[in-house]
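One structure is given here, and the rest of the page talks about it.
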Amino acid sequence: MALSMKRLRQDLAIAVMRAARAANRSRMVRKLLRGRSVRRFPLVNRLYHTVFRLGVTTGNRDAEVRYRGVVLTGPVWDATIMPSISAGYYEEFEVGVFEELASVSRSILDVGANIGVYACTGGARLSRDGRLIAFEPVPENVAYLRRNVERNDLTGRVTVEPVAVGASPGELTVHLSGEQSGKHSAAAANVGTSTGAITMPMTSIDAYLADNRLGPPDIIKIDVEGYEGFVLRGAVQALNASPTLLFELHPELQANCGCDTSELLDLVFARYPWVFLVDELDNVLRPCTRAGLDSPGAIGLYRSNLVAIGRREHRDAVRRWHDLG
């Protein structure tokens, strides 16, 4: 009886969260809020998180959920990532694209791995001789990342590196967010409610590959809350091999980190023949041009991730989501 009540409570909480998400994605709400998320209202955010904590979690510290074939543990205090993972829709389209690319790759760099959503789902799709290197500087996230890699029997394919990644080796001060585990940033303005800052060792992609005598990766995924441009500045040699790039495009966050989004886009479009804007509403990869991304409204809620592809096998792996013919 207790188990059935627990399952009923979980199912009800997930149904409420999914309904809230559907409402947020509706054309009427997006028009009313001018393309911004309803979650920007503190009361809505608190209610959403309360439903998660009361319906899904069983403790005061950790939450364990199943997502796309893996088991993930993360912090209960996280108001965004853990609830959406538990409801099964955390970046579901992007993760699906990443999984397909991973299935035809042998080496991946996951920069800003957080608790390991991409590291675990992508690592599970790699061949047994494949390797994914997950970079994450925040100690709490690193602890969950290691735990999730071990829990899913991926230690043979996933290596955890507890360092930041930037333009060159050194140190990086990371400002910590009290709102979600994926909102920590090199810029204090990007974290919302701050809980302090830490200074962590930093490497660059080129330096790491050279120091470990590794060849260029097949995929580089970057999620570093505005620091993307610096990561790519430190990957000049790696980019010569045209690894597929998956990264976020948030001009405001990048400006706060001292990164010019135009410079970032110029670098990508100069090197890659196929660049796609991820459309989360229609679940498609939309071919885009450099000029097109400068158009008003081109980048926004549900359209803030890019996939840059330089290899035909990767283009073909995600063919069903784009219309290149």
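Numbers below:
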{"quantity": "Yes/no for residue 106 being touching a residue at least 40 places away in the same chain (Cβ under 8 Å), touching a strand residue (DSSP E or B) at 6+ places or on another chain (Cβ under 9 Å) and open to solvent by 30 Å² or more (accessible area, probe 1.4 Å)", "calculated": "yes"}
{"quantity": "Strands (runs of 3 or more DSSP E) completely within region 97-189 that count 1 or more residues being hydroxyl-bearing (Ser, Thr, Tyr), under 18 Å from the mean Cα position of the chain (by Cα) and under 18 Å from residue 223 (Cα atoms)", "calculated": "107-111, 158-161, 170-177"}
{"quantity": "Single residue of 74, 112, 116 found to be open to solvent by less than 30 Å² (accessible area, probe 1.4 Å), among the small types (Gly, Ala, Ser) and farther than 28 Å from residue 207 by Cβ", "calculated": "74"}
{"quantity": "Scan of region 190-199 for residues that are assigned to a loop (DSSP other than H, G, I, E, B) and open to solvent by 40 Å² or more (accessible area, probe 1.4 Å), ordered by number", "calculated": "192, 193"}
{"quantity": "Residue among 145, 72, 154 that alone is under 27 Å from residue 320 (Cβ atoms) and in contact with a Gly (Cβ under 6 Å, 6 or more places away or on another chain)", "calculated": "154"}
{"quantity": "Unique residue being within 23 Å of residue 93 (Cβ to Cβ), of a type in the set (Lys, Arg) and open to solvent by 50 Å² or more (accessible area, probe 1.4 Å) when the list is 271, 286", "calculated": "286"}
{"quantity": "The lone exception for residue 205 - which of (1) surrounded by 17 or more Cβ atoms within 10 Å (Cβ to Cβ); (2) farther than 30 Å from residue 129 by Cβ it fails", "calculated": "(2)"}
{"quantity": "Enumeration of residues in region 87-107 that are touching a helix residue (DSSP H, G or I) at 6+ places or on another chain (Cβ under 6 Å) and either closer than 18 Å to residue 243 by Cβ or not hydroxyl-bearing (Ser, Thr, Tyr) (or both)", "calculated": "87, 95, 98, 99, 100, 101, 102, 103, 104"}
{"quantity": "Of all residues in region 57-71 being open to solvent by 20 Å² or more (accessible area, probe 1.4 Å) and of a type outside the set (Lys, Arg), the one that is modelled with the highest pLDDT", "calculated": "69"}
{"quantity": "In region 242-260, the residues that are among the hydrophobic types (A, V, I, L, M, F, W, C), in contact with an Asp or Glu (Cβ under 9 Å, 6 or more places away or on another chain) and within 16 Å of residue 275 (Cα to Cα)", "calculated": "246, 247, 249"}
{"quantity": "All positions within region 275-308 that are in contact (Cβ under 8 Å) with a residue 40 or more places away in the chain and assigned to a loop (DSSP other than H, G, I, E, B)", "calculated": "280, 281, 283, 297, 299, 301, 302, 304"}
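The values are calculated or read from the model by the stated rules, or taken from the named source; none is laboratory data. Bear in mind that the values here come from a model prediction, so they are computed numbers and not experimental data. Please note: Cβ atoms are built from the backbone with ideal geometry, for glycine as well, and neighbour counts cover all protein chains shown. Please note that ligands, DNA and RNA were not included when accessible areas were found on the heavy atoms of the full protein model with its side chains. Shrake-Rupley method; radii C 1.70, N 1.55, O 1.52, S 1.80 Å.
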